[in-house]
Amino acid sequence: MYKLYEFPTILDTRGSLIAIEGDKDIPFEIKRIYYIFSNTMNSIRGRHAHKTLKQILICVSGHCSIIYDDGIKRWDIRLSKPDTGLFIGPGIWREMYGFSKDTILLVLASDWYDESDYIRNYDDFLTYKKMEQNNGTISSIE
Ligand code: T46
């Protein structure tokens, strides 16, 4: 099952502010931030899993949908609120789609960018999950 975080909004007459502190409001230290925007019509992003990376995805503007797949079950989660973050830990296949024109998807990540942490093929992902369950070696797709 996936986990959503709800961050408190500090509201006054000027508007709203949300603060997120690494290791306090979310279960990891933030080492990288990136954001996805100006998405073209019907584009699909993601389509991969990570071996170790932890992330929080927040749709700070507009809306989008996330497919969250643990290798056995698949969920389709719609993100549309700047106070709600989806946690995606290691070993989860994700696909982002259904972007509105104004979508800004903010991502807080536990580590620097590292292409070797990605599993970009779905069959390799299922093999990885099976090996994980069997406590076996993952050297064949490293
Ligand atoms: C994820 C989802 C939610 C970098 O050089 N540095 C970075 O920090 C990132 C994230 C990407 N890149 C490069 C790698 C590719 O050449 O930017 C290009 C596009 O990356 P990618 O196709 O992986 O982007 P998405 O939107 O499919 O996936 C991204 C993250 O890569 C991924 O970790 O979980 O967002």
**OP:** Calculate, for the chain, the solvent-accessible area per residue in square angstrom, rolling a 1.4 angstrom probe over the heavy atoms of the protein chains.
**Re:** 61
**OP:** Please give the net charge around Ile26, taking every other residue with its beta carbon less than 15 angstrom from that of Ile26, where Lys and Arg add +1 and Asp and Glu add -1.
**Re:** -2
**OP:** Write down the percent of antiparallel bridges among all DSSP beta bridges whose residues are both part of the chain, to the nearest 5.
**Re:** 95
Original post:
Which GluC sites (Glu not before Pro) from the range 2-84 combine a DSSP loop assignment with at most 11 other Cβ atoms within 10 Å?
Top reply: Glu21
Subject >> Square roots of 5 times each gyration tensor eigenvalue, C-alpha, the chain, largest first, Å >> reply: 28, 17, 13
Original post:
Ignoring any ligand, DNA or RNA, what whole percent of the accessible area of the chain comes from carbon and sulfur when the probe is 1.4 angstrom?
Top reply: 51
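How long are the three semi-axes of the equivalent ellipsoid for the range 1-58, computed from the Cα gyration tensor as the root of 5 times each eigenvalue, in whole Å, largest first?
Numbers: eigenvalues 122, 74, 24 Å².
Taking √(5λ) for each Cα gyration eigenvalue gives 25, 19, 11 Å.
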**OP:** List the relative contact order of the chain as a percent without decimals, with contacts defined as Cα pairs under 8 Å and 6+ residues apart.
**Re:** 31
Original post:
Pairs Lys54/Lys81; Lys81/Lys130; Lys24/Lys73; Lys31/Lys130: which exceed 27 Å Cα-Cα?
Top reply: Lys81/Lys130; Lys24/Lys73; Lys31/Lys130
**OP:** Once you've got the GNM for the chain with C-alpha springs shorter than 10 Å, pick whichever of Ser65, Ser100, Ser43 has the biggest mean-square fluctuation.
**Re:** Ser43
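The values are calculated or read from the model by the stated rules, or taken from the named source; none is laboratory data. Since this is a predicted model, take the numbers as computed values, not measurements. Here the Cβ is made from the backbone with ideal geometry for all residues, glycine too, and neighbour counts use every protein chain on show. Areas reflect the complete protein model, heavy atoms only, side chains present, ligands, DNA and RNA absent. Shrake-Rupley method; radii C 1.70, N 1.55, O 1.52, S 1.80 Å.
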